[in-house]
1. Out of all the residues in the range 52-80, which are in contact with a helix residue (DSSP H, G or I) (Cβ under 7 Å, 6 or more places away or on another chain) and surrounded by 13 or more Cβ atoms within 10 Å (Cβ to Cβ)?
2. Within the range 12-44, track down each residue that is in a loop (DSSP other than H, G, I, E, B) and closer than 18 Å to residue 92 by Cβ.
3. Being of a type outside the set (Gly, Ala, Ser) and in contact with a Gly (Cβ under 9 Å, 6 or more places away or on another chain), is that true of even one residue in the range 73-83?
4. Can you tell me how many residues within the range 79-93 are at pLDDT below 85, in a loop (DSSP other than H, G, I, E, B) and over 18 Å from residue 115 (Cβ atoms)?
5. Considering the range 94-126 alone, what residues qualify as being touching a residue at least 40 places away in the same chain (Cβ under 8 Å) and either among the small types (Gly, Ala, Ser) or at positive phi (or both)?
6. State yes or no: is residue 14 in contact with a Lys or Arg (Cβ under 8 Å, 6 or more places away or on another chain), β-branched (Val, Ile, Thr) and surrounded by 12 or more Cβ atoms within 10 Å (Cβ to Cβ)?
7. Going by the conditions given, is residue 47 under 22 Å from the mean Cα position of the chain (by Cα) and part of a loop (DSSP other than H, G, I, E, B)?
8. Out of everything in the range 94-124 that is in contact with a strand residue (DSSP E or B) (Cβ under 8 Å, 6 or more places away or on another chain) and outside any loop (DSSP other than H, G, I, E, B), what residue ends up being surrounded by the fewest Cβ atoms within 10 Å (Cβ to Cβ)?
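The values are calculated or read from the model by the stated rules, or taken from the named source; none is laboratory data. Predicted, not measured: the structure shown is a model, and the values here were computed from it. Here the Cβ positions follow ideal geometry from the backbone for every residue, glycine too, while neighbour counts run over all protein chains shown.
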Amino acid sequence: MPQRTIVRGDLRTVSEEQLAAAQAKMHDIVKQNLPRTSATLTFSEGYPAMAPTPANYALLAQLDQASRDLGLGEITAFDPRGRGAGDIAFVSPPLPGLDGLGLGGQGEHTRNESSDLSTAPELVKRAAVLLYRLTR
C-alpha cells in the first residue's frame with residue numbers, strides 16, 4: 001500500500017449553500033479515518049455555482065421557441081443537478097445563461113471522447129435564430 005495518496009476532484013453545485021453543505025459533509029467524513037492513518041481535505045476555487053433562475057428559464061423558453069419554429073422540436077431543461085459545469089457560470093448571474101448547447105457525444109472529458117457531428121447543423125441553426133431574436 002502506498003504511504004501517501006493524493007486525490008483531486010471538483011464539486012459542481014447549483015448554489016453556494018449546496019457547496020457549503022457538501023464541503024461540511026466531506027470534512028466530517030474525512031475526520032473518521034482509520035487508526036494509524038490521517039487525512040486532510042482542502043478545497044480551492046472551482047467553477048462557481050449556477051442556480052436555475054427565472055431569467056435562465058426565460059432564455060431557455062426563447063431557445064425552445066426558436067427550435068420549434070425551425071421544426072427541430074422541443075427543448076427542455078435537464079435537471080441542473082445532473083449537468084456539468086459550464087463557463088457560462090462565471091457570468092450567470094447577473095446575466096441569464098444556458099449551458100449544454102454543444103455537440104452531444106460519448107466519453108466526455110476522457111481520451112475516448114467523441115462528438116456527434118451530425119447534430120451540428122441543427123445546433124447552429126437554433127443558436128443563430130436565438131441570437132438574431134435576442135438582438136431585435
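1. 52, 62, 63, 66, 67, 70, 72, 75, 77
2. Quick first cut of the range 12-44, residues in a loop (DSSP other than H, G, I, E, B) only: 12-15, 31-44.
Matches in the range 12-44: 12, 13, 14, 15.
3. Here is the first cut: in the range 73-83, the ones of a type outside the set (Gly, Ala, Ser) are 74-76, 78-81, 83.
Subset that is in contact with a Gly (Cβ under 9 Å, 6 or more places away or on another chain): 78, 83.
Scanning the range 73-83 turns up at least one residue that is of a type outside the set (Gly, Ala, Ser) and in contact with a Gly (Cβ under 9 Å, 6 or more places away or on another chain).
4. Residues meeting the conditions: 4.
5. The answer is 97, and nothing else.
6. Values: in contact with a Lys or Arg (Cβ under 8 Å, 6 or more places away or on another chain): yes; β-branched (Val, Ile, Thr): yes; surrounded by 12 or more Cβ atoms within 10 Å (Cβ to Cβ): yes.
Criteria met by residue 14.
7. Details: under 22 Å from the mean Cα position of the chain (by Cα): yes; part of a loop (DSSP other than H, G, I, E, B): yes.
Here the answer is yes, as residue 47 does meet what is asked.
8. 106
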